[in-house]
Amino acid sequence: MHPNSGDIDPITSQMHAVRQALMVDQATAGRYGVAVDVSADGTLQAVRIDESVTPHGVALGNLITKLAQEALEQARVIVRERIDNLCADPRIAAAVESIEIASERPYLVPSAKRSAPIQDDDLTEEELIELNQRRNASFFRNA
């Protein structure tokens, strides 16, 4: 049971309106005795042809609607096959898996601000000599 719209906050109400527009609502356009009904996803719901346009208007409208629905289903099958082929690629499967794994990990909060590096001016003479010896030793090891 849905609460009445007075009980819904504005965002929830707007989300419901968008859902309604995408899933249920249809639009109709017509001219010269021909009208079409479509849903927001582009699905042709109905074609109505007035009998004054052609004596077989109702049958022709129904035939066009049925053929459009068949063609749409065929197009969707092709899309599903292409998506399946793409997802079967091991590189895509690995990327999806890494995203799934990452989404299950907790969000890393940055650690507290690190203390400022030790300035040479803050060291005693012995500490400064020791620091320079470590720096020099690591420099010559990497060279």
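Every read-out reported here was derived from the displayed coordinates using simple, explicitly stated rules and does not represent laboratory data. Bear in mind that the values here come from a model prediction, so they are computed numbers and not experimental data. Because the Cβ atoms are built from the backbone with ideal geometry, glycine has one as well, and the counts that use them run over all protein chains shown.
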Report summary line: Of the residues in the stretch 39-68, those that are within 24 Å of the chain's Cα centre (by Cα) and surrounded by 11 or more Cβ atoms within 10 Å (Cβ to Cβ) come to 39, 40, 43
Requested in this report: Identify the single condition in (1) within 26 Å of the chain's Cα centre (by Cα); (2) loosely packed, with under 11 Cβ neighbours inside 10 Å; (3) of a type outside the set (Ser, Thr, Tyr) that residue 17 does not satisfy, given that it satisfies every other one.
Outcome: (2)
Report summary line: Pairing a residue in the stretch 28-54 that is closer than 18 Å to residue 66 by Cβ with any residue that is of a type in the set (Lys, Arg) and surrounded by 14 or more Cβ atoms within 10 Å (Cβ to Cβ), where Cβ atoms lie under 9 Å and the two sit 6 or more apart in sequence or on different chains, gives 34/48; 35/48; 36/48; 37/48
